[in-house]
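The values are calculated or read from the model by the stated rules, or taken from the named source; none is laboratory data. Note that this is a predicted model, so its numbers are computed, not measured. Cβ placement follows ideal geometry from the backbone for every residue including glycine, while neighbour counts extend to all protein chains displayed.
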């Protein structure tokens, strides 16, 4: 069964003068990682909020069309129940930290506490996620004293610990150094391998190319394209929506423009390495000086 | 006159060091990127530049004056710091009020205020949001409001803490245009960033920090050419330069066009 289905969905915030989502129809299948890309204010976070039920249960406004989550109409869901079955990592880590817990360990455990998980399992799950994210040095610190990047990791950890089958992650690495970003994506990859369904909003297109199964491209509140990452990331629609191509894809386009096309257009560095190597081997004399 | 940090250290009240003996000179109108792991001491270092934090040992001078001899408000008039989290900085109930806060505080006349606020709003692309409550704006636009509020002032140095976080391509172009204009006006820009492509595309000088110290200070080619620095500061090369290196094409080429030229 499809996990989420949206049919002709529109949403206008109570304070907004134009729709944040406009005639969106979309199907999310379970077990896949969907990347969502588009300009700021193109509707990415609003889409996440609808799927997560924060709209219309918390953010008010006018919702039109039909939203079904696990086959059940969004309006029939109890918000509390929905929040247990869908994990949600907020875009701004500064808003997610609860402010009521004295240590990072307790902060990460907070969601589990609310779910009524027993103490032993709670400690076990928090310890595991702390190890996966390399947060050992932080667990005794006060969450309010953390740096932006540290907060972002803690916010991410607290959702991962809840172990929902369906997780929505809105820009998890915006404050993180490159190493930590890769660690977060490594965890996302593991979640995927364990069969979780994931919707991920992320500007780092090179990482998206590496990890996403399918990509949703948004522009001005509409979904302008949805399809396999390989097709979307080399499409004209992507750049028309103001989203950059992966770096190696751009390189392939530049090579083609210079009359030196590769056999196909890569989206990841590993693919680019093979394709460029092949090209170099075809013209061995040209590179013999190197 | 430059900003000069000489053996500047900063320690927390409990005695633990956040920044350890940093020596750094930032010249007038220069553009410099500070990179390194989360927790390496980058934000503490720049907060010492604008007087928000005073060095616990060593010295920090701005245009020849020690920050320890001035109030933070005085130093901050010359060195503007845009916070990493706009919510730490923004408190106005509309964008216009936020931008006019400093002129009101400094009792500027209406004409100067209008001119400076108009300039800052234009440079940061927020003119159409002037009547909006900053809290209703997306994170990335809120960040431009925070930058705008600093640009209203007459700073010779502007510090941007993670300016590209959550920024799309259009925002990035706007940010680059803004930095070009500041450069043309002779204003130095110091940016803390994790975005290595932004560093390579928009900066010539890079300072890498690790474990509370500066471990490299040089051109993009020098810093991104040094595997030891990259691994200690937990940095990653952008994809295309990394590809060029893996293929044995070049250890120094950083830009797409340079790599295109290397592939026959």
Item to complete: Answer yes or no: is there a residue in the range A:223-230 that is within 23 Å of residue A:90 (Cβ to Cβ), in contact with a strand residue (DSSP E or B) (Cβ under 6 Å, 6 or more places away or on another chain), buried (at least 19 other Cβ atoms within 10 Å of the Cβ) and away from every other protein chain (no Cβ under 11 Å).
Response: yes
Response to the item:
From the option list A:154, A:126, single residue qualifying as crowded, with 20+ Cβ neighbours inside 10 Å, touching a helix residue (DSSP H, G or I) at 6+ places or on another chain (Cβ under 6 Å), within 14 Å of chain B (Cβ to nearest Cβ) and part of a helix (DSSP H, G or I) is A:154
Item to complete: Please work out if residue A:282 is more than 7 Å from chain B (Cβ to nearest Cβ), modelled with pLDDT of 95 or more and either on the phi < 0 side of the Ramachandran plot or more than 32 Å from the chain's Cα centre (by Cα) (or both).
Response: no
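I need the helices (runs of 4 or more DSSP H) fully contained in the range A:1-111, keeping only those with at least 1 residues that are more than 14 Å from every other protein chain (Cβ to nearest Cβ).
In the range A:1-111, A:44-52, A:54-57, A:79-85 are the helices (runs of 4 or more DSSP H) which contain 1 or more residues that are more than 14 Å from every other protein chain (Cβ to nearest Cβ).
From the list A:234, A:265, A:243, pick out the single residue that is in contact with a helix residue (DSSP H, G or I) (Cβ under 7 Å, 6 or more places away or on another chain), within 22 Å of residue B:169 (Cβ to Cβ) and within 13 Å of another protein chain (Cβ to nearest Cβ). Talk me through it step by step, then tell me what you get.
Working: A:234 fails: within 13 Å of another protein chain (Cβ to nearest Cβ); A:265 fails: within 13 Å of another protein chain (Cβ to nearest Cβ).
Matching residue, one of A:234, A:265, A:243: A:243.
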Practice prompt. Identify the single condition in (1) farther than 30 Å from residue A:205 by Cα; (2) in contact with a helix residue (DSSP H, G or I) (Cβ under 8 Å, 6 or more places away or on another chain); (3) buried (at least 16 other Cβ atoms within 10 Å of the Cβ) that residue B:77 does not satisfy, given that it satisfies every other one.
Written response: (2)
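Facing another protein chain (nearest Cβ under 9 Å), in contact (Cβ under 8 Å) with a residue 12 or more places away in the chain and over 19 Å from the mean Cα position of the chain (by Cα): does that describe residue A:251?
On the way: facing another protein chain (nearest Cβ under 9 Å): yes; in contact (Cβ under 8 Å) with a residue 12 or more places away in the chain: yes; over 19 Å from the mean Cα position of the chain (by Cα): yes.
Answer is yes for this residue.
Take residue B:40 and decide whether it is in contact with a strand residue (DSSP E or B) (Cβ under 6 Å, 6 or more places away or on another chain), in the same structural domain as residue B:192 (by TED's automatic domain parsing) and surrounded by fewer than 19 Cβ atoms within 10 Å (Cβ to Cβ).
On the way: in contact with a strand residue (DSSP E or B) (Cβ under 6 Å, 6 or more places away or on another chain): yes; in the same structural domain as residue B:192 (by TED's automatic domain parsing): yes; surrounded by fewer than 19 Cβ atoms within 10 Å (Cβ to Cβ): no.
No; evaluated as a whole, the condition is false for this residue.
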Worksheet item: From B:191, B:165, which residue is modelled with pLDDT of 95 or more, in the same structural domain as residue B:17 (by TED's automatic domain parsing) and buried (at least 19 other Cβ atoms within 10 Å of the Cβ)?
Response: B:191
Item to complete: Take residue B:223 and decide whether it is away from chain A (no Cβ under 11 Å), in contact with a helix residue (DSSP H, G or I) (Cβ under 8 Å, 6 or more places away or on another chain) and either surrounded by 15 or more Cβ atoms within 10 Å (Cβ to Cβ) or outside any loop (DSSP other than H, G, I, E, B) (or both).
Response: yes
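If you go through the range B:84-105, how many residues are part of a loop (DSSP other than H, G, I, E, B), in contact (Cβ under 8 Å) with a residue 24 or more places away in the chain and in contact with a helix residue (DSSP H, G or I) (Cβ under 6 Å, 6 or more places away or on another chain)? Break it down into steps so the answer makes sense when it comes.
So the first thing to find is which residues in the range B:84-105 are part of a loop (DSSP other than H, G, I, E, B), and the list is B:84-85, B:89-94.
Of the ones still in play, those that are also in contact (Cβ under 8 Å) with a residue 24 or more places away in the chain are B:84, B:89-90, B:92-94.
Those still in the list that are in contact with a helix residue (DSSP H, G or I) (Cβ under 6 Å, 6 or more places away or on another chain) too: B:84, B:89-90, B:92.
Number satisfying all stated conditions: 4.
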Discussion item. Criterion first (assigned to a helix (DSSP H, G or I), touching a residue at least 40 places away in the same chain (Cβ under 8 Å) and more than 11 Å from every other protein chain (Cβ to nearest Cβ)) does residue B:150 satisfy it?
Written reply: yes
Item to complete: Can you give me the number of residues within the range A:177-207 that are under 30 Å from residue B:211 (Cα atoms) and either more than 14 Å from chain B (Cβ to nearest Cβ) or modelled with pLDDT of 95 or more (or both)?
Response: 4
Worksheet item: Scanning the range B:248-264 for residues that are over 18 Å from residue A:246 (Cα atoms) and surrounded by fewer than 19 Cβ atoms within 10 Å (Cβ to Cβ), which turns out farthest from the other protein chains (Cβ to nearest Cβ)?
Response: B:252
